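The values are calculated or read from the model by the stated rules, or taken from the named source; none is laboratory data. Note that the structure is predicted; figures quoted are calculated from it, not measured. Accessible surface is based on the protein model in full, side chains and every heavy atom, while ligands, DNA and RNA are left aside. Shrake-Rupley method; radii C 1.70, N 1.55, O 1.52, S 1.80 Å.
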Amino acid sequence: MTSIIKPGIGDRVHTLRTALGVSQLKLAKGALSKGASAKNIGRIEQGEVTPTLKTLAKIAYATNVDVSWLVTGQAQMQEGKPVRVPGIGRRLNAVRA
């Protein structure tokens with residue numbers, strides 16, 4: 001069976017995380033389960049593991065990016081960036097808290 005998750009997922013997660021200015025730990029705590037660690041995000045970014053669609057959906061929700069961009073590398077773009085939905089500030093503040 002062919003995976004719908006396209007190569008480069010780790011690079012996309014890394015690009016997104018650094019663009020938001022959050023650490024691996026903050027992304028893990030904000031997007032994944034309470035027991036998630038920076039190591040989980042690091043393994044995704046390094047290409048050691050391919051995250052599930054459920055995990056990618058959680059990361060997309062927490063960071064306000066189109067999940068299709070995380071999955072495929074393609075999404076509706078605006079000013080050269082994936083289209084975002086309102087509320088990023090509120091969610092990042094929750095992650096920081």
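Observations on the structure shown:
- Criterion violated by Asn64 - all others in (1) at pLDDT below 80; (2) open to solvent by less than 50 Å² (accessible area, probe 1.4 Å) satisfied: (1)
- Of the set (1) part of a loop (DSSP other than H, G, I, E, B); (2) modelled with pLDDT under 90, all apply to Thr18 but (1).
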